[in-house]
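Worksheet for the structure shown next.
The values are calculated or read from the model by the stated rules, or taken from the named source; none is laboratory data. Predicted model, so just to flag it, every value in this text is computed and none were measured. For neighbour counting, all protein chains shown are included, and Cβ atoms are generated from backbone atoms with ideal geometry for every residue, glycine included.
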Amino acid sequence: MTRTGRPRKANPGEQLAKAMNLFWRKGYFDTSIDDVVAETGANRFGLYARYGGKRGLFDKALQLYRVEVMGRFLAPLAGTDPSLPELQSFFAQFADFIDDPRGHLGCLMCTTASEVSAHDPLIAGRIRAHLADMRRLLRDAAARAMAKGEIAADVDSDETADYLVGAVLGLMSYARSPVPRDQVQGYLRGVLRTLDRLAGRSDR
């Protein structure tokens, strides 16, 4: 006989995903353990037993975000032989995200880079590793675009990668701000126009 009337307990994976979304909305310092308990349905003892406290939970949530959320965003650059079209696709996908309700949250990795990194060496290491991986993907795509003749041969792929990483950070910080969405979209169009100019185009 099936029992009814009792709410289904969330499994640890679901609880971690809910905690990730909570940290994404509120940030690390503005999220309390009581907030996490209320959001996830987990009990305080269970959270401490599994994660060692808020900091351990946040670390796991940040790793989940990097895989589940940023992994999807970085997919165009992680495929086979990415070059200029994939660089353009990577940034173009943010247009829909900016207008989505979650677009107002910006990026958890970017928020953490400015909010938490200075106070926690472990978290700072997570952010450095993420940014280094993103820079490598962007640099490799730019270098491949040069080799294919898609962008000018005198373009510096390292400088281009540095600019594009900064563009992601700037775009996500701007998206989290209260400015109108059309201003954030304007920023994104500027980044895409820069990629067009690298390709010798200016018609965007």
Q.
Residue under question is ASP120, and the condition is that it be among the acidic types (Asp, Glu), assigned by TED's automatic domain parsing to the domain that holds TYR187 and under 14 Å from LEU62 (Cβ atoms); does it hold?
A. yes
Q | Residues located in segment 101-149, provided they are modelled with pLDDT of 95 or more and of a type in the set (Asp, Glu) | A | ASP133, ASP140
Q. In this structure, does LEU108 turn out to be surrounded by 15 or more Cβ atoms within 10 Å (Cβ to Cβ), in contact with a helix residue (DSSP H, G or I) (Cβ under 6 Å, 6 or more places away or on another chain) and within 21 Å of ILE123 (Cα to Cα)?
A. yes
Q | Condition broken by GLU150, with the remaining ones in (1) in a loop (DSSP other than H, G, I, E, B); (2) without any contact (Cβ under 8 Å) to a residue 60 or more places away in the chain satisfied | A | (2)
Q. Looking only at residues in segment 72-89 that are touching a Phe, Trp or Tyr at 6+ places or on another chain (Cβ under 9 Å) and without any contact (Cβ under 8 Å) to a residue 40 or more places away in the chain, which one is surrounded by the most Cβ atoms within 10 Å (Cβ to Cβ)?
A. PRO76
Q: Could you look through segment 72-100, keep only residues that are at pLDDT 95 or above and polar (S, T, N, Q), and pick out the one that is nearest to ALA152 (Cα to Cα)?
A: SER83
